[in-house]
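Below: one structure, written as structure tokens.
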Amino acid sequence: MRFVPVSQKHLRLPALLAFAALIWITATGHWTLASWQTPVSYSVDALEVLARVKLSGDAGFGILFNKLMPHLGAPWQADWSAYPMPDAIVFIVFGKLAKITGLIAASNLALLAAHLAAIATFYACSRALGHRSAYSAAAALLFGFSFYNRHRGLSHYSFTLSYVVPAQFLCAWLIGSSQQFLKFRGWRLLCFATAIATGTGSPYFSFGFCQLLVLALIYQAATRRERSNLRVGLACVAVLAATVVATNYSAILRLYEGEHAVLERNYASTEIYGLRPIELLVPPPAHRWAFAASIGAGYAADTSFKGELFFPYLGIVGIGGLIVLGITATKAAIQRRLGLRPSHAALFGWLTLFFMVGGLNGLLALTGIDLFRAGNRYSIYLLALTLFALASWSSRRTRHLPIWLTTVFAILVTMIGLWDQLPRRAFAADRANLLKKVSDDQFVAGQLDQQLPVGADVFQLPVVPFLEQPPVNGMDDYELFRPWLFSESTRFSYGLLAGEKALRWEKWIADRPVAEMCTALEKTGYAAIYLHKKAYADAGAALRHQLIALGYKQIVNTGDHLAFALHPSSSPVLPDVSADWLADPWAGSTNPPDDLQFLAEKGWFKIERNNADVWRWAGHDATLSIWNPASQSVAVSIEFSVSTFRSGELTASMSDRPLWHVAAGQMPAGMVNLALTLHPGTNRIYFHFTGPVARPSAMDRRQLGFRLLNLQLSR
């Protein structure tokens, strides 16, 4: 690998970035001030990113240490300590900028900055590797505006910040191959800065950089054994690890403490979201070329894996680089000169083998290390490798040609690549719809701020946890952020993670009769109740009529939003969210605390029904609670049918006292009847299944062990 200093004479970086900004503005249509107030995306994950920008702007650098969100989870505070939030510094910068430009304009500037950073880093690294400036500029533009970066966009903003990837390769090659460079302070600082920047970003990129560093250290230790290189490499690993821990310490601590996992991951995810090499070549259905688009549409219709399709697409030029890479490696193998230098082909093979479906990443997932499930997200590494390889090959092949000729050739390649990768301009109707949604949300936020007291609490329906939830009728995930994004002072109930106890009370009160719900909300101090219309089949009409009949004043009815003012108590009393009776009701419908009732406390999957039959599945262990509201003991009888997915032994115990036992293969055909004496409060029955658990189907990720059917209780 050849390394050369990057001279200011050949850098021309400001001109390149100005040209890149012009390309982005042209592609997105941001030519007017009004267009900068129109988001590129405004649904699902993009809303979560906008929420993080707003939160970071409000909290500033305090968000690095305090993950309590005072304007969410009202009347409590949403605790996001268990949720890793990468790129905090970037979000703080653009959050503060949003205070000046507005949230939407700041998000557009953040996107532009991500593309420019990727272009600048790739160009600088390519020049440091000795590539001709024209080819470096072409490759940098195609990397920055790749299909991956353009379509990750705002929704996957931490992956759009792929500027660290070219620097990671440069650092790995410096550590693994250079002889003198790492003896100079500047190159060492480059490696350490890359480790810090990577560690503060997406954990996916940290995992990728760690692999590159380890491979570089192994190669250096097996060949030259340059002490400076080994020291810098080991120091980079240490800096990377320390930065990752410092950035994500609260989430790591929560996992260590055994808190509820906020990100559900498993082996099946590595198949759904794994890297499929064919997708490096398959263009998207929205491609400009009709023939290419038909290939993508056919693939989307035929594939059984409906994960993040088409993001790995390398583009025409990237595919050309892959062909060059393959031909070069094959030719070297035939001539018996194939080695690990240059390492483009070797690293391409390693990363593909590791992250492809059924690859080494899948083996890690089987052992429980499944955090990096989406192997397709590492396709940006493969693109960087192919573009580096193509720039290197072109520089060698045309080293005797004049600069003007190589520049013309590079411009032609860039034009073809950008035509292939940049999307068509959005239709005017699409942009108008986005702007209408934003305008509605701004109006709703303004109305709530004006008509409610400063700092008022708003209860939001439907009640759903924050983070990676399925749609509710027509309401997508994170849409409950929308009325808060533009609010100045109002606090909202949405934002609690799935493991928060306060969420149990929110779900319970939302399921009570409307009059009872409103009275309890007012006692708690809520000043308004908000409905997201898309979550209801009737757009909330039935609930609206009930609230009007109860005499509540409608203050918002715009777009997807509906809100009514409540009469909050002057001396609000917060409910006891730790009460045992707030656990998940066995049959799905909530009951008042003075009812004798079953609760699915731990280990049970969601309720299932079929006509008159009601059941729940569990894995190996599950806890069934019986709530006794009386002040004295009560004698009861419980009945249920039981079955197992695979043959195994099932036992039930209560207060360390065996209640019931059945051996493998001897499950009773009829009803099981148990006579119990319930003490006041919570009485727990612990079930333990010793047989194997299994998934019921390829699309069902649950690991099923045993089932209780038609559970009944009588005094």
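The values are calculated or read from the model by the stated rules, or taken from the named source; none is laboratory data. Predicted model only: the values in this text are computed from it and were never measured. Backbone-built Cβ (ideal geometry, glycine too); neighbour counts: all protein chains shown. Each accessible area value is taken on the protein alone, full model and side chains, heavy atoms only, with ligands, DNA and RNA left out. Shrake-Rupley method; radii C 1.70, N 1.55, O 1.52, S 1.80 Å.
Tell me which residues, restricted to segment 630-650, are closer than 20 Å to Leu582 by Cα and either of a type in the set (A, V, I, L, M, F, W, C) or modelled with pLDDT of 95 or more (or both). Answer for segment 630-650, where residues must be closer than 20 Å to Leu582 by Cα and either of a type in the set (A, V, I, L, M, F, W, C) or modelled with pLDDT of 95 or more (or both): just Ala630.
Confirm whether Thr644 is among the hydroxyl-bearing types (Ser, Thr, Tyr) and farther than 26 Å from Arg512 by Cα.
The answer is yes for Thr644.
Go through the residues of segment 483-502 one by one and say whether even a single one is among the polar types (S, T, N, Q), assigned to a loop (DSSP other than H, G, I, E, B), modelled with pLDDT of 95 or more and more than 19 Å from Gly540 (Cβ to Cβ).
Narrowing segment 483-502 to residues among the polar types (S, T, N, Q): 487, 489-490, 493.
Narrowing further to those that are assigned to a loop (DSSP other than H, G, I, E, B): 487, 489-490, 493.
If we keep only those that are modelled with pLDDT of 95 or more as well, we get 487, 490, 493.
From what is left, the residues that are more than 19 Å from Gly540 (Cβ to Cβ) are 487, 490.
Yes, there is a match, as at least one residue in segment 483-502 is among the polar types (S, T, N, Q), assigned to a loop (DSSP other than H, G, I, E, B), modelled with pLDDT of 95 or more and more than 19 Å from Gly540 (Cβ to Cβ).
Restricting attention to segment 414-456, the residues that are touching a Ser or Thr at 6+ places or on another chain (Cβ under 7 Å) and not in a helix (DSSP H, G or I) add up to 4. Close Cβ contacts (under 7 Å, 6 or more residues apart or on different chains) running from residues in segment 97-116 that are basic (Lys, Arg) to residues that are part of a helix (DSSP H, G or I) comprise Lys99/Gly57. Say whether the condition of being more than 17 Å from the chain's Cα centre (by Cα), at pLDDT 90 or above and open to solvent by 70 Å² or more (accessible area, probe 1.4 Å) is met by at least one residue in segment 246-261. No, the conditions are met nowhere in segment 246-261. As for segment 181-197, it holds at least one residue that is within 21 Å of the chain's Cα centre (by Cα), open to solvent by 10 Å² or more (accessible area, probe 1.4 Å) and of a type in the set (Gly, Ala, Ser).
Considering the conditions (1) surrounded by fewer than 21 Cβ atoms within 10 Å (Cβ to Cβ); (2) farther than 19 Å from Thr26 by Cα; (3) touching a residue at least 60 places away in the same chain (Cβ under 8 Å); (4) under 29 Å from the mean Cα position of the chain (by Cα), Gln451 is excluded by exactly one of them, (4). Scan segment 69-92 for residues that are part of a helix (DSSP H, G or I) and open to solvent by less than 40 Å² (accessible area, probe 1.4 Å) and jot them down. Of everything in segment 69-92, those that are part of a helix (DSSP H, G or I) and open to solvent by less than 40 Å² (accessible area, probe 1.4 Å) turn out to be Ala88, Val90, Phe91, Ile92. Listed conditions (1) in a loop (DSSP other than H, G, I, E, B); (2) modelled with pLDDT of 90 or more; (3) among the small types (Gly, Ala, Ser) are all met by Ala587, apart from (2). Criterion first (modelled with pLDDT of 95 or more and not basic (Lys, Arg)) does Trp660 satisfy it? No, not satisfied. Got a number for residues in segment 554-591 being closer than 14 Å to Thr519 by Cα and in contact with a Ser or Thr (Cβ under 9 Å, 6 or more places away or on another chain)? Within segment 554-591, residues that are closer than 14 Å to Thr519 by Cα and in contact with a Ser or Thr (Cβ under 9 Å, 6 or more places away or on another chain) number 6. Kindly list the number of the only condition in (1) surrounded by fewer than 17 Cβ atoms within 10 Å (Cβ to Cβ); (2) within 25 Å of Ile119 (Cα to Cα); (3) of a type outside the set (Gly, Ala, Ser); (4) touching a Phe, Trp or Tyr at 6+ places or on another chain (Cβ under 7 Å) that fails for Phe409. Here Phe409 clears every test but (4). Can we say Gly95 is modelled with pLDDT of 95 or more, surrounded by 23 or more Cβ atoms within 10 Å (Cβ to Cβ) and under 25 Å from Val577 (Cα atoms)? The answer is no for Gly95. Residues in segment 207-234 that are within 18 Å of Ala167 (Cβ to Cβ) and open to solvent by less than 30 Å² (accessible area, probe 1.4 Å): Gly208, Phe209, Gln211, Leu212, Leu213, Ala216, Leu217, Asn229, Val232, Gly233. Against the definition (modelled with pLDDT of 95 or more and open to solvent by 40 Å² or more (accessible area, probe 1.4 Å)), how does Pro593 come out, yes or no? It is false that Pro593 is modelled with pLDDT of 95 or more and open to solvent by 40 Å² or more (accessible area, probe 1.4 Å).
Residues in segment 686-715 that are open to solvent by 40 Å² or more (accessible area, probe 1.4 Å) and of a type in the set (A, V, I, L, M): Val693, Ala698, Met699, Leu713. Scanning segment 277-298 for residues that are open to solvent by 10 Å² or more (accessible area, probe 1.4 Å), within 19 Å of Arg377 (Cβ to Cβ) and in a helix (DSSP H, G or I) yields Pro277, Ile278.
Please determine, by comparing only the residues of segment 555-585 that are farther than 30 Å from Gly681 by Cβ and of a type in the set (S, T, N, Q), which one is surrounded by the fewest Cβ atoms within 10 Å (Cβ to Cβ). This residue is Ser570. The numbered conditions (1) touching a residue at least 60 places away in the same chain (Cβ under 8 Å); (2) part of a helix (DSSP H, G or I); (3) among the basic types (Lys, Arg) are all true for Arg512 except (2). Just one of the listed residues (Ala27, Ala34) is open to solvent by 40 Å² or more (accessible area, probe 1.4 Å), at pLDDT below 95 and small (Gly, Ala, Ser), namely Ala34.
Scoring Lys602 on the criteria (1) open to solvent by less than 40 Å² (accessible area, probe 1.4 Å); (2) modelled with pLDDT under 95 leaves a single failure, condition (1). The set of residues from segment 528-554 being in a strand (DSSP E or B) and buried (at least 19 other Cβ atoms within 10 Å of the Cβ) comprises Ala528, Ile529, Tyr530, Leu531, His532. Going through (1) in contact with a helix residue (DSSP H, G or I) (Cβ under 9 Å, 6 or more places away or on another chain); (2) in a loop (DSSP other than H, G, I, E, B) one by one, Thr682 falls short only on (2). Beta carbons closer than 7 Å, at least 6 apart along the sequence or on distinct chains, pair a first residue in segment 187-199 that is over 9 Å from Cys236 (Cβ atoms) with a second that is part of a helix (DSSP H, G or I) and of a type in the set (Gly, Ala, Ser) for Thr198/Ser206; Gly199/Ser206.
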